[in-house]
Every structure is written in C-alpha cells, then in structure tokens.
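The values are calculated or read from the model by the stated rules, or taken from the named source; none is laboratory data. In this text the structure is predicted, and so the values were computed from the model without any measurement. Cβ coordinates were reconstructed from backbone atoms using ideal geometry, including for glycine residues, and neighbour counts include every protein chain displayed.
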C-alpha cells in the first residue's frame, strides 16, 4: 500500500484521468508511443473510473435535491 500513488507521475496520471471525466470535454489523452501517461496507464484508468463514480454520486444528489 505504501507504493500506491507514491510518485509524482502516478499522481499526475490519476488526476488527469479523474479530471478528464469530471470535465465535459472529450478525452485529451490517448494511448500512443509519445504519451507520457502510458507508463502509468493503470492510474489514469483508475482516475477515470473514480470520475465516473463521482458523476453517478453527483447525479444522485441532484436528483434528490431537485426532484
């Protein structure tokens, strides 16, 4: 557990994945050989998954408050 998100590259990939889902724009990063996120792709995907879960929670809160 101590090595989870321990380096700046891992945190960067995670935050980029999270923010790409929370912001309503198309994904900026794709898998290619020139991308620096490729080495930490699993953190990027984990961030995107957490972003989807965050959107589901936000949608549920909006539904409870307004409907």
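The numbered conditions (1) assigned to a loop (DSSP other than H, G, I, E, B); (2) out of contact with any helix residue (DSSP H, G or I) (no Cβ under 8 Å at 6 or more places or on another chain); (3) modelled with pLDDT of 80 or more are all true for residue 33 except (3). Here is a check on your reading of the model: is residue 28 assigned to a loop (DSSP other than H, G, I, E, B), at pLDDT below 90 and over 14 Å from the mean Cα position of the chain (by Cα)? In short, no.
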